[in-house]
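K.L.:
Below is a structure I'd like to ask you about.
The values are calculated or read from the model by the stated rules, or taken from the named source; none is laboratory data. Every value quoted in this text rests on a predicted model; they were computed, and no experiment measured them. Note that we place each Cβ from the backbone using ideal geometry, even for glycine, and neighbour counts take in every protein chain shown. Each accessible area value is taken on the protein alone, full model and side chains, heavy atoms only, with ligands, DNA and RNA left out. Shrake-Rupley method; radii C 1.70, N 1.55, O 1.52, S 1.80 Å.
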Amino acid sequence: QVQLVESGGGLVQTGGSLRLSCAASGRTFSSYVMAWFRQAPGKERELVAVISWSGGATDYGASVKGRFTSSRDNAKNTVYLQMNSLKPEDTAVYYCAARNSVRVFRVESQYSTWGQGTQVTVSS
């Protein structure tokens, strides 16, 4: 079982960029599918991005497609979320999630391990 720690959140202006990182402990990180979810106040948690164990497959939520990119470095046990062209509606707590699988999952209930979250605030 891995443990996850997100970092890189903060305050940015509309149109700006941020890169989130999720560092994982454990020696089997490379066998985990990793995902980013976010939750804004009063809203349900939604999928932002998912990346397969190898990094060869990615998928994105409709609202971020074309602006956000997920990548991973298995040698560093870290997954990244590059967020460009940020909008006020991207403001949320962003969570990293993991599951030991070769498949890709879009639903939060299918992930067994979660980080504590990092706040992203986009000012207008």
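K.L.:
Determine which single condition Ser85 fails, assuming it passes every other condition in (1) more than 15 Å from Glu6 (Cβ to Cβ); (2) under 14 Å from the mean Cα position of the chain (by Cα); (3) touching a residue at least 24 places away in the same chain (Cβ under 8 Å).
P.N.:
Among (1) more than 15 Å from Glu6 (Cβ to Cβ); (2) under 14 Å from the mean Cα position of the chain (by Cα); (3) touching a residue at least 24 places away in the same chain (Cβ under 8 Å), Ser85 violates only (2).
K.L.:
Kindly indicate which of Ser31, Ser70, Ser101, Ser123 is surrounded by 14 or more Cβ atoms within 10 Å (Cβ to Cβ) and either among the acidic types (Asp, Glu) or at pLDDT 95 or above (or both).
P.N.:
Criteria check complete, one pass: Ser70.
K.L.:
Got a number for residues in the range 104-120 being open to solvent by 70 Å² or more (accessible area, probe 1.4 Å) and assigned to a loop (DSSP other than H, G, I, E, B)?
P.N.:
Number of matching residues: 4.
K.L.:
Related question: Out of the residues in the range 34-55 meeting the condition of being part of a loop (DSSP other than H, G, I, E, B) and basic (Lys, Arg), tell me which one is least open to solvent (accessible area, probe 1.4 Å).
P.N.:
Selected residue: Arg45.
K.L.:
If Val64 meets every condition in (1) modelled with pLDDT of 95 or more; (2) part of a loop (DSSP other than H, G, I, E, B); (3) on the phi < 0 side of the Ramachandran plot; (4) open to solvent by 20 Å² or more (accessible area, probe 1.4 Å) apart from one, which number is that one?
P.N.:
Going through the list (1) modelled with pLDDT of 95 or more; (2) part of a loop (DSSP other than H, G, I, E, B); (3) on the phi < 0 side of the Ramachandran plot; (4) open to solvent by 20 Å² or more (accessible area, probe 1.4 Å), Val64 breaks only (4).
K.L.:
In contact with a Cys (Cβ under 9 Å, 6 or more places away or on another chain) and within 15 Å of Glu6 (Cβ to Cβ) - does that describe any residue in the range 50-65?
P.N.:
No, the conditions are met nowhere in the range 50-65.
K.L.:
Could you please tell me which pairs satisfy a Cβ distance under 8 Å, a separation of 6+ or placement on different chains, a first residue in the range 1-20 that is open to solvent by less than 30 Å² (accessible area, probe 1.4 Å), and a second residue that is among the charged types (D, E, K, R)?
P.N.:
If the second residue must be among the charged types (D, E, K, R), the pairs left are Leu20/Glu6.
K.L.:
Please verify whether the range 23-42 includes one or more residues that are of a type in the set (Ser, Thr, Tyr) and under 23 Å from Val122 (Cβ atoms).
P.N.:
No: zero hits.
K.L.:
Step by step: first the residues of the range 1-21, then only those that are outside any strand (DSSP E or B) and among the hydroxyl-bearing types (Ser, Thr, Tyr), then the one that is nearest to Arg67 (Cα to Cα). Which residue is that?
P.N.:
Ser17
K.L.:
If I ask for residues that are over 18 Å from Thr69 (Cα atoms) and either of a type in the set (S, T, N, Q) or without any contact (Cβ under 8 Å) to a residue 12 or more places away in the chain (or both), which ones from the range 88-118 would you list?
P.N.:
Residues satisfying the conditions are Asn100, Ser101, Ser109, Gln110, Ser112, Thr113, Gln116.
K.L.:
What is the number of the single condition among (1) farther than 11 Å from Met34 by Cβ; (2) open to solvent by 50 Å² or more (accessible area, probe 1.4 Å) that Thr58 does not meet?
P.N.:
Of the numbered conditions (1) farther than 11 Å from Met34 by Cβ; (2) open to solvent by 50 Å² or more (accessible area, probe 1.4 Å), the odd one out for Thr58 is (1).
K.L.:
Which condition from (1) at pLDDT below 95; (2) within 15 Å of the chain's Cα centre (by Cα); (3) over 14 Å from Phe105 (Cα atoms) is the one that Trp53 breaks?
P.N.:
(3)
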